[in-house]
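The values are calculated or read from the model by the stated rules, or taken from the named source; none is laboratory data. This one's a predicted model, so the numbers in the text were calculated from it and none came from an experiment. Using ideal geometry, Cβ is built from the backbone for each residue, glycine included, and neighbour counts are taken over all protein chains shown. Side chains are part of the model used for accessible areas, which takes the heavy atoms of the whole protein and leaves out ligands, DNA and RNA. Shrake-Rupley method; radii C 1.70, N 1.55, O 1.52, S 1.80 Å.
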Amino acid sequence: QTGGLWDGGGVYVVSIKGNETSQPTRLNDNDPYHIAFFPSITARGNSVTVAWEGGQPEVDLKNAWGTEVGWMRTFNGASWNEPVLVKGEPFKNLGLPKVVYDRDGRLHLTGTKGPRYYRRFPSGDSKPKYQWLTPEWMYHSRGGSFYLDQKNNLWTVFDGQNSGTTNEIYCRMLPSGSTGDAITEWTKALRISEDDKRPSIYP
């Protein structure tokens, strides 16, 4: 990630093999006006997927931050696809996106729009939608992350806020072998930060 205020800012990717390093490839090449930041990367086989938060082209061109939206691109071993907005019902965009492949080649994505949302690609649903990853009584989730363990269990951590409380850190796990992509496949949310009346954020 690089760039300066009012001068745009880019998310770049490089590949390293032995002592050879590729030239940087700018991924947000469809938007020269806004800063792009908070990149996330995952790979499996020849596929590499990167997600980040950036501006929306042709919107708020006088504001370096723009309308903050999530973006994603995938490399298929030969070329990158075009940047695509991370969005879905009932909202137009998701910020702070994070991505991870599991060992079955499925791509998992989480992002924030108040609560933390989740979706899997490909989906078994004919009309896939983002689902609440945070419990429904929780909101103001600022960030989160994924981790795939050695047994192919997928873990996620995120922060969230109850009504009248500060943000705490929670985790959930999607057991290996889960075939569906409904949020009910995940374990219940477990709080792992102490309730010390001080906010815990951005795990």
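Seen from Arg142, the other residues with C-beta closer than 15 Å to its C-beta sum to a net charge of 0, counting Lys and Arg as +1 and Asp and Glu as -1. Karplus-derived 3J(HN,Hα) values for region 195-203, using 6.51 cos²θ - 1.76 cosθ + 1.60 with θ = phi - 60°, are 7, 9, 6, 10, x, 10, 9, 6, x Hz; glycine and proline are entered as x. A simple count of charges around Ala51, restricted to other residues whose Cβ falls under 9 Å of its Cβ and scoring Lys, Arg +1 and Asp, Glu -1, yields +1. I need the semi-axes of the equivalent ellipsoid of the chain: take the C-alpha gyration tensor, multiply each eigenvalue by 5, square-root it, list largest first in whole angstrom. Working from the Cα gyration tensor, I get semi-axes of 27, 22, 16 Å. Charge dipole (Cα centre; +1 on Lys/Arg Cβ, -1 on Asp/Glu Cβ; no other charges) of region 61-203 amounts to roughly 300 debye. Rounded, prolate or oblate, given the Cα gyration tensor of region 61-115, with a/c below 1.5 counting as rounded? It is oblate, given that a/c is not under 1.5 and a/b is not larger than b/c.
Report the residue, chosen from Asp31, Asp102, Asp125, that carries the largest GNM mean-square fluctuation when the chain is represented by alpha-carbon nodes joined by springs under 10 Å. Residue with maximal mean-square fluctuation among Asp31, Asp102, Asp125: Asp125. Note: relative contact order over region 80-203, using C-alpha pairs below 8 Å and six or more positions apart, is 19 percent.
With a Förster radius of 41 Å, plug the Cβ-Cβ distance of Thr67 and Thr165 into 1/(1 + (r/R0)^6) and report the FRET value to the nearest 0.05.
After rounding to 0.05, the efficiency reads 0.90.
As a calculated quantity, the FRET efficiency between Trp80 and Asn153 at R0 = 22 Å, using C-beta atoms, amounts to about 0.15. Within the chain, which is the longest segment that contains none of the GluC sites (Glu not before Pro) sitting in a DSSP loop with at most 16 other Cβ atoms within 10 Å? Longest run free of exposed loop sites: 59-135. Each residue was assigned an accessible area with a 1.4 Å probe, and for Thr166 the value is about 40 Å². Counting only protein chain heavy atoms and rolling a 1.4 Å probe, the accessible areas of Lys17, Lys129 rank, largest first, as Lys17, Lys129. Modelled spin labels at Arg26 and Glu58, positioned 7 Å past Cα toward Cβ, are 2.0 nm from each other.
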